[in-house]
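A short worksheet on the structure shown next.
The values are calculated or read from the model by the stated rules, or taken from the named source; none is laboratory data. It should be emphasised that the depicted structure is a prediction, and the values quoted were computed from it without experimental measurement. Reconstructed Cβ throughout: ideal geometry from the backbone, glycine too, with neighbour counts over all protein chains shown.
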Amino acid sequence: MPIVVSKYLIGRKFVGLALWPFIIVKSHRLKEDTTFVNHEEIHLTQQRELLVLPFYIWYGIEYLIRLIQYRDANRAYRNISFEREAYCNEDDLFYLKYRKMWSFLRYL
């Protein structure tokens, strides 16, 4: 998984994102942050198992549903099933080795 450093491709609120097949980060420091990289690798795995485009569609729809549900953008983002899985497991650097397919569904 290639990691690209670019301060121009990411909005002000984000420090990085997984955009198949890349991880895009704002600073070189983040390339060395194993927890952050693991979080983004979890997203790349989610994207791959949903064949990429459906991941982004699902992500957007779920974000809108959570935004209506919570009426708070940050809380909506944190409660997207893909984010919940990634945040809950980002510290486990072996998570992707034993993760079962479609594991994000447990976080709906």
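For segment 90-108, a residue qualifies if it is surrounded by fewer than 13 Cβ atoms within 10 Å (Cβ to Cβ), within 15 Å of the chain's Cα centre (by Cα) and not aliphatic (A, V, I, L, M), and the qualifying residues are Asp91, Trp102. Screening Arg75 against (1) touching a strand residue (DSSP E or B) at 6+ places or on another chain (Cβ under 9 Å); (2) closer than 16 Å to Tyr107 by Cα leaves a single unmet condition, (1).
Comparison of Lys26, Lys31 shows that the only residue that is surrounded by 13 or more Cβ atoms within 10 Å (Cβ to Cβ), of a type in the set (Lys, Arg), touching a helix residue (DSSP H, G or I) at 6+ places or on another chain (Cβ under 9 Å) and more than 20 Å from Trp102 (Cα to Cα) is Lys31. Just so you know, in segment 25-52 the residues that are touching a Phe, Trp or Tyr at 6+ places or on another chain (Cβ under 9 Å) and free of Cβ contacts under 8 Å to residues at least 40 places away in the same chain include one that is nearest to Arg78 (Cα to Cα), and it is Gln47. Residues satisfying the criterion are absent from segment 63-72 (criterion: modelled with pLDDT under 95, part of a helix (DSSP H, G or I) and touching a Phe, Trp or Tyr at 6+ places or on another chain (Cβ under 9 Å)).
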